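Bear in mind these aren't lab numbers, they're just calculated from the coordinates by the rules spelled out. For clarity, every value in this text was computed on a predicted model and none was experimentally measured. Counting neighbours? That spans all protein chains shown, and the Cβs are built from the backbone with ideal geometry, glycine included.
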Amino acid sequence: MKKYISPLAAVILVALTSGGIVLAKDSCLECHTTSGDKPSALFKHDIHFQRGVTCAGCHGGNASADDMDQAMDRKAGFTGVPKGDDISKTCAGCHSSSEKMKSFGSSLPTNQWELLQTSVHAKSSLKGKEQVVQCITCHNAHGIVQVKNPSSPVYPLNVVKTCTRCHADVAMMRSYNPSLPVDQLEKYRTSVHGTRNAKGDTRTAECANCHGSHDIRTAKDIKSKVYPTNLPGTCSACHSNVAYMKPYKIPTDQYEKYAKSVHGIALLQKHDQGAPACNSCHGNHGAMPPGVESISKVCGTCHALNAELFSSSPHKKAFDDRKLPECETCHSNHEIIAATDKLLGVSPEAVCSRCHTERQNIKGYQAAKSMRSLIDSLDAGEQQDIKLVDEAEQKGMEISEAKFKLRDVRQARLQSRTMVHAFNEGKFKEVVDNGLKTSIIVAQESQSAIHEYYFRRFGLVISTLIITILAVSLYLFVRRLERNKIQQ
Amino acid sequence: MNQTSETPDRQSKRDFLKIILSGGVVAFFGAILYPLFEYLIPPKQAEVEVSSVKAGKLSEIANDSGQIIKFGTKPVILIRTAEGELRAFSATCTHLDCTVQYRKDFGTIWCACHNGKYDLHGKNISGPPPRPLDEMRVVVQGDDILISKKV
Amino acid sequence: MKTILKRLYTWIDERVEIEGLVEYMGKKYVPVHRHSIWYYFGGVSLFLFIIQVVTGILLLLYYKSGEELAFESINFIMSKVQFGWLIRSIHSWTANLFILSAMIHMFSVYFEKAYRKPREITWITGMLMFFLLLGFGFSGYLLPWNELAFFATKVGTDIAGVVPVIGKPLLTFLRGGEEVTGATLSRFFGFHIAVLPGLFTVLLGIHLLLVQRQGMSEPLHIKQESDRKTMPFFPNFILRDLTLWLLVLNLLAILAVFFPWELGKKADPFAPAPAGIKPEWYFLYMFQTLKYIPGKLWFFDGEVLGILLFLFAGILWTMVPFWDRKSSRGEQNRIVNYLGLFAVMYIILFTIIGWLA
């Protein structure tokens, strides 16, 4: 039996277990190898075995006793096959103790068990007696090898298979989280990450890169790496790393640009979870940059009306002919800033003038020019209305009705900004004119309220003048009466 | 001599005072009565805006329909679902304050400005709206539908 | 023109014999002395009462009582009705000036000892009218059904509820139930436009009749016949009164235009009370006093004691003609002066403290 143990290993074993039980021999392994069971066979390739941990290290008992009853005596500390949470606790017995780990010459972190407790996998299983996932669920029990060993179930190329053992199992997932899909691997294989991973690239993202390894939380957990507000940071961990991304020859400034964009500001600064993160455009498990054709569909999932208007606009064909991406051409991609009215028109900062100039595509040039002046006049009308309403309000006048109509002006302006995407001057003018009409009514109403304010003061001056004159003349009259009386 | 020169002066002064006085009385009554009579003329507009609004008659609202109702200074959307249930929400889109409407073809509440959609419980389900619409209280009294703020 | 008037006068005189009354009025004189100015405050109060009646009736044309309508209807008056803002602001401002002028009138009468025999009834009716005025102010304050009014009424009726024995029934009577609700509003509306004006008019009739019948009281220090100066009640005093009334009207117009009465927020019974709830200024000194009284004094409840104290002071004040015998005999009574001075100082001081608090 001894021939299975290499002399070198025996030396290391003796040297390394000086802190623990000093073993002369390992009767467990001897017997179990003879009986030819699988665990003992696997264990010989196990990193633990190589580092001198014996069967008794996890299962207890007396490994030096030849007698089976003696060796597997419960009184001697034999624990048998650990059940339930005892499995992970057994692992944690060493893996959570930095001293013990050091004594085995390992520099692995020692917080895995702790992290696992915060994970969604620490939820109790259907039986309710233990956590769903134990260490051995992913790492195996016997025959554990280092992560960098290609045969490890948690080696980058194997992780997906390990995770999908459960996550692709419909029956299993239904019993824990029926709303969770089970096609992640399928999708993943369609993504750039997944295809590269399949080809043996260990550097592309697999499950654990985005979801974490021991501390996997649900996507709804605010601390999850894939929680909407955390997701851009998770992607950028690799994608903004210039050195890491070098072999792939793609830009690394997406995060930087995104953070400055209207979407990035909404998500990262205003914590508006409706705002798109990386995955909203590129997909989750099937992450991929959208092609020229599909950009409008990507943007259109949220900006549907704009996309719809664009599709039926004359620009659709023009862009297609020139192979221009639909939204991106004017709005850019990662660095989409909040669109202002300045994008429209023929001024230098306007995007229309990139194609439409006075000499080239003159019809569009004129349309852009007049559309811009329309929206500008509506904007000016709204600004004036706000000023007038404010003034009337400051003067203490009651103008809630004008204020109510002011909302319609604003609505028309916002609607016109959407209507721009139809690139149809007539339709655009209709929306703007509606707004302008209301704007004039608001201006009239608030002006009459302001007028009323001055009318009140004017009326006061007139009436106090009348009353004062009357009072003074009455007083003079009384004085006269009294004087006359005295004279008489 | 002195007396004769003084008397007409006094006389004219008294007359002047009397003119002022009687003119003043007339003007005074004018100043008082003008606002009074103006006040008595009933204004054209509807008389009272109420914070709980009568939204119409139950029998006049079809199933699977929605309408905008003026609630003070803000619009409210009253929805009657296909099952006949009544619900009311603030009609102000939570995205950029446009007024939402009911779209029969989608079966959702829809904002024309940016295609935001809410389900018939006011929850934002698609498009840019960041949060659900505020719900209002709907009370049916006999055939009358009353909408008021949720407490 | 003149003949028509004369014929009308004769026509009336033939039937109701007003000749005597006119003659009586013509012979009526008002004493003139260095305290004559105080005589005018009775007239000013009367004028303000007339304004309240007129503007009150005008407001009634558009006001709607009820939890759901009161606030909105006042808002409607303020914004939609032509000059509605003016009528409402004048009504509110007049209410305050009325109480102020009535207070001045009361204190001047008190210090001049004008309540002494034979004018006890005039004094009593005046005091009763003053209490009615406070009732007018308290009930009218709630009618716009705004936040401040709602909570002021809540606190005010709470205080009334503390009075021993009758407190609880009184509270229920005032509120029309356990809580301040629409029922309270209906009640207060009724008090404000029917009960109080009715009582007030009767008292005012008696008050004015007695003033006409007995003439103005003269201060004690005018004794010698040679000191006496007078002016005819009609037309001199009346016209002077009218002149002052015009000036008061001017003041009201200016206040109404430059300081229009705010409407505030609609009352919401479920909202938390806003910070700094204060009653109207004429209740402030009492409110402030109740705040300073400790919760327990010996074995009495502090608040109850305070209310009883004010009740006692009010009764004592009203009854002054009956316990101040000296003045009736034409002698100086310093105690009355000191008491009055104390009351004036106390009210001013505590009103200011309450205002600043």
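Legend: mean number of C-beta atoms from other chains within 10 angstrom of residue C-beta atoms, peptide C:72-84, equals 6. Between C:PHE259 and B:ASN63, what FRET efficiency follows from the Cβ-Cβ distance if R0 is 51 Å, with the result rounded to 0.05? E(calc), rounded to 0.05, equals 0.40. Per residue, the convex hull around the alpha carbon atoms of the protein assembly as shown comes to 335 Å³.
In terms of other Cβ atoms within 10 Å, B:LEU146, C:LEU249, C:LEU349 run from fewest to most in the order C:LEU349, B:LEU146, C:LEU249.
Computed across the stretch A:55-160, the Kirkwood radius stands at 15.5 Å (inverse of mean 1/r, all Cα pairs). Need one number: the % of Cα-Cα pairs in the stretch C:195-311 sitting beyond the 25 Å mark. Percentage above 25 Å: 64. The slack between A:ASP37 and A:ALA76, meaning 0.36 nm per residue of separation minus the straight C-alpha distance, is 11.7 nm. Straight-line reach from A:LYS129: taking Cα to Cα under 15 Å and skipping same-chain neighbours fewer than 8 places apart, the aspartates and glutamates in range are A:ASP85, A:ASP86.
What does the charge count around A:CYS281 come to, taking other residues whose C-beta lies under 12 Å from its C-beta (Lys +1, Arg +1, Asp -1, Glu -1)? Cβ neighbours under 12 Å give a net charge of 0. Loop-resident trypsin sites (Lys or Arg not before Pro) (DSSP state other than H, G, I, E or B) in the stretch B:79-127 with no more than 16 further Cβ atoms inside 10 Å of their Cβ: B:LYS104, B:LYS123.
In terms of Cα atoms, the Rg and Dmax of the stretch B:53-149 work out to 12.5, 39 Å.
With both labels modelled 7 Å from their Cα along Cα-to-Cβ, the B:GLU83 to A:ILE222 distance reads 3.3 nm.
Measure nothing fancy, just the Cα-based angle from helix C:281-292's long axis to the longest principal axis of chain C, in degrees from 0 to 90, nearest 10. Tilt of helix C:281-292: around 50 degrees. Ellipsoid fit via the Cα gyration tensor, the stretch A:381-487: semi-axes of 57, 10, 7 Å, each the root of five times an eigenvalue, largest first. Once the cut-off is 28 Å, how many percent of the Cα-Cα pairs in chain C end up in the long-distance tail? Looking at chain C, the distances longer than 28 Å represent 52 percent of pairs. The simple spin-label model puts a point 7 Å past each Cα toward its Cβ; for C:GLU14 and A:LYS297 those points are separated by 10.7 nm. Loop sites here are chymotrypsin sites (Phe, Trp or Tyr not before Pro) outside DSSP states H, G, I, E and B with no more than 15 other Cβ atoms within 10 Å. The longest part of chain C free of them is C:1-269. Seen against the Cα atoms of chain C and their longest principal axis, helix C:147-162 is set at about 80 degrees. With the simple spin-label model, which puts each label point 7 Å out from Cα in the Cβ direction, the A:ASN177 to C:PHE342 separation comes to 8.0 nm.
FRET efficiency for the pair C:VAL22 and A:ARG479, taken as 1/(1 + (r/R0)^6) with r the Cβ-Cβ distance and R0 = 22 Å, rounds to 0.35. Averaged over peptide B:104-113, the number of partner chain Cβ atoms lying within 10 Å of each residue's Cβ comes to 2.
Other residues within the sphere of radius under 12 Å centred on the Cβ of C:LEU247, judged by their own Cβ, net out at 0 (K and R +1, D and E -1). With loop membership from DSSP and a limit of 11 other Cβ atoms within 10 Å, the longest segment of chain A without GluC sites (Glu not before Pro) is A:1-292. Peptide A:312-321 has a mean of 0 when you count, residue by residue, the C-beta atoms of other protein chains within 10 Å of its C-beta.
Rounded to the nearest 500, the helix-only mean residue ellipticity at 222 nm of chain C stands at -22000 deg cm²/dmol, with each DSSP H run of n ≥ 4 adding -39,500 (n - 2.57). Pairs of Lys residues in the stretch A:381-487 are counted when their Cα atoms are under 24 angstrom apart and they lie 8 or more places apart or on different chains; the count is 13. Restricting the GluC sites (Glu not before Pro) of the stretch C:248-357 to loop positions (DSSP other than H, G, I, E, B) with no more than 14 neighbouring Cβ atoms within 10 Å leaves C:GLU262, C:GLU331. Comparing C:ASN333, C:ASN146, C:ASN75 in a Gaussian network model of chain C (Cα springs below 10 Å), the most mobile by mean-square fluctuation is C:ASN333. Based on the convex hull around the alpha carbon atoms, chain A presents an average projected area of 45.7 nm². Between 0 and 90 degrees, the angle of helix C:40-60 with respect to the longest Cα principal axis of chain C falls at about 50 degrees. The sum of -39500 (n - 2.57) across all DSSP H runs of n ≥ 4, divided by the residue count of chain A, sets its helix-only mean residue ellipticity at 222 nm to -16500 deg cm²/dmol. FRET efficiency for the pair A:LYS129 and A:ASP253, taken as 1/(1 + (r/R0)^6) with r the Cβ-Cβ distance and R0 = 41 Å, rounds to 0.20.
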